[in-house]
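Right, one structure below, let's go through it.
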Amino acid sequence: MFTTGFKLFFGLFGAFVLAALAYGYSTGGDGVGPLSLGWKGGVGDHIGYTLLVALAAVSLTISVVLVSYRDADADAQARLRQLAEVPADSAVTASVWPVLASFGVGAAVLGLVLHPLVFTLGLALVALSLIEWTMDAWADSATGDAAANRELRNRIMAPIEIPVIGALAIGVVVLAASRIFLNVSQLQAVAAAGVVSSLILAGAWLYVARPGQGRRLVRVLGAVAALGLLVGGVLAAVAGERDFEHHHGDDHHEEHQESSSEPTGGAGSG
């Protein structure tokens with residue numbers, strides 16, 4: 001018997017697969033490239049296609065996990081946790097994911113005008129927020145114990161969240177930083193990289209040296225820095241790369257050799 005959570009995320013899996021195929025063929029994919037994940041033919045725009053395929057894989061994984069845990073069936077959860085009786089349902093906890101989803105929608109709309117990168121990041125934020133929001137709502141209705149609900153949710157989502165969010169965070173940071181460095185001069189890029197490295201080292205030291213207050217401060221500063229880096233990367237991507245100077249020393253050397261090898265007119269030339 002398929003559960004409600006399985007039906008939702010398996011439906012999202014099918015929607016992301018169709019979206020990946022449509023996006024791949026509409027952006028230059030040929031043959032069976034989008035169908036074979038690029039094994040036989042091109043897939044079009046690699047960033048958008050890879051993002052949609054990754055979202056499809058995550059949705060499929062969550063659907064399998066949910067049907068294995070029998071969704072939010074209280075009796076099944078009681079048997080799983082070896083409880084004598086099922087507590088009453090608890091209240092719904094607050095969630096930040098709706099706010100992030102609204103930011104993602106706004107970024108996707110702006111990306112239609114500004115840059116495809118902004119549109120792709122907006123869609124990724126919307127999809128991530130919807131998945132996390134759905135899992136929070138599912139966990140809230142599992143049992144009446146809020147701590148048990150958090151434990152159940154983390155048991156399911158932590159093996160998925162840590163690698164996926166970590167990979168996305170690294171990709172966004174690298175992409176945003178590269179856009180910024182390519183937009184400023186070489187000296188400014190070196191100086192910015194040095195400042196960022198020093199701040200990361202100082203934050204790591206503060207995180208370890210002061211376990212209580214330092215960790216809270218690092219979390220806040222890290223969130224602000226990540227937001228600033230993302231905004232800076234988007235603005236730099238919209239502004240474009242700086243003009244690179246190409247040196248033609250070899251060409252000038254060859255021209256000098258040719259000019260020096262030409263015969264010069266003198267008094268003895270007839």
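The values are calculated or read from the model by the stated rules, or taken from the named source; none is laboratory data. From a predicted model like this one, the values you see are computed outputs, not experimental measurements. Here the Cβ positions follow ideal geometry from the backbone for every residue, glycine too, while neighbour counts run over all protein chains shown. Accessible surface is based on the protein model in full, side chains and every heavy atom, while ligands, DNA and RNA are left aside. Shrake-Rupley method; radii C 1.70, N 1.55, O 1.52, S 1.80 Å.
Residues that are modelled with pLDDT of 80 or more and aliphatic (A, V, I, L, M): does segment 82-95 have at least one? No, that holds for no residue. Restricting attention to segment 9-35, the residues that are farther than 25 Å from residue 129 by Cα, surrounded by fewer than 16 Cβ atoms within 10 Å (Cβ to Cβ) and modelled with pLDDT of 85 or more add up to 1.
Among the residues of segment 125-144, at least one is in contact (Cβ under 8 Å) with a residue 40 or more places away in the chain and out of contact with any helix residue (DSSP H, G or I) (no Cβ under 9 Å at 6 or more places or on another chain).
Of all residues in segment 204-225, those satisfying the criterion of being open to solvent by less than 80 Å² (accessible area, probe 1.4 Å), within 21 Å of residue 171 (Cα to Cα) and modelled with pLDDT of 75 or more are 204, 225. So is residue 141 of a type in the set (Ser, Thr, Tyr) and buried (at least 20 other Cβ atoms within 10 Å of the Cβ) or not? In short, no. Residues in segment 158-167 that are more than 10 Å from the chain's Cα centre (by Cα) and touching a residue at least 60 places away in the same chain (Cβ under 8 Å): 160 only. Filtered by the rule that a residue be surrounded by 13 or more Cβ atoms within 10 Å (Cβ to Cβ), free of Cβ contacts under 8 Å to residues at least 12 places away in the same chain and among the aliphatic types (A, V, I, L, M), segment 168-200 gives a lone residue, 189.
Residues in segment 101-124 that are assigned to a helix (DSSP H, G or I), over 29 Å from residue 66 (Cβ atoms) and touching a residue at least 24 places away in the same chain (Cβ under 8 Å): 116, 117, 118.
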